[in-house]
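Structure first, commentary second.
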Amino acid sequence: MHPFLKTLFLLGLSNTFMTFAWYAHLKEASHKALWIAILASWSIALFEYVFQVPANRIGFNAAHLSLAQLKILQEVITLAVFVPFAILYMRQPLNWNFLWAGCCLAGAVFFIFR
């Protein structure tokens with residue numbers, strides 16, 4: 001697999017775990033003690049780092065992405081993971097702000113990769 005695609009894939013996995021670590025406890029553990037939610041989130045976040053660290057190394061070293069390019073890719077992937085998570089898992093209403101945020105990130109991608 002091409003290093004750029006491998007970087008995208010690993011960042012996607014990483015962001016999926018992190019989104020659940022950050023927000024799933026709001027739905028699943030809101031009635032439990034805060035320390036339980038924290039431990040559960042940390043447990044999930046471990047897997048975020050298992051994918052994030054290799055993604056950044058591959059992206060930086062093998063795909064020759066700059067640090068800024070890696071960060072913008074991560075933000076785009078975060079939004080791409082967060083929107084379906086918010087709508088499908090958390091049952092949040094779809095609104096125009098998701099589109100506008102995506103447009104802003106598309107502009108960031110354009111400028112950072114040109």
Number of positions in the stretch 64-76 that are part of a helix (DSSP H, G or I) and small (Gly, Ala, Ser): 1
Hey, residue 110 part of a helix (DSSP H, G or I) and more than 18 Å from the chain's Cα centre (by Cα) or not: yes
Out of 13, 79, 94, 5, sole residue that is in a helix (DSSP H, G or I) and over 19 Å from residue 112 (Cβ atoms): 13
Residue count, the stretch 58-100 (criterion: surrounded by 13 or more Cβ atoms within 10 Å (Cβ to Cβ) and more than 23 Å from residue 25 (Cβ to Cβ)): 12
Those residues of the stretch 13-44 which are buried (at least 17 other Cβ atoms within 10 Å of the Cβ), small (Gly, Ala, Ser) and closer than 25 Å to residue 70 by Cα, in sequence order: 14, 21, 41
Any pair with Cβ under 7 angstrom, 6 or more apart, that starts in the stretch 38-49 at a residue that is closer than 12 Å to residue 22 by Cα and ends at one that is among the polar types (S, T, N, Q) and assigned to a helix (DSSP H, G or I): 48/14
Unique residue being farther than 17 Å from residue 13 by Cβ and among the aromatic types (Phe, Trp, Tyr) when the list is 82, 47, 111: 111
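FYI, it's all coordinate maths here, none of it is from the lab. Note that the coordinates shown come from a computational prediction; the quantities given were computed from them, not determined experimentally. Here the Cβ is made from the backbone with ideal geometry for all residues, glycine too, and neighbour counts use every protein chain on show.
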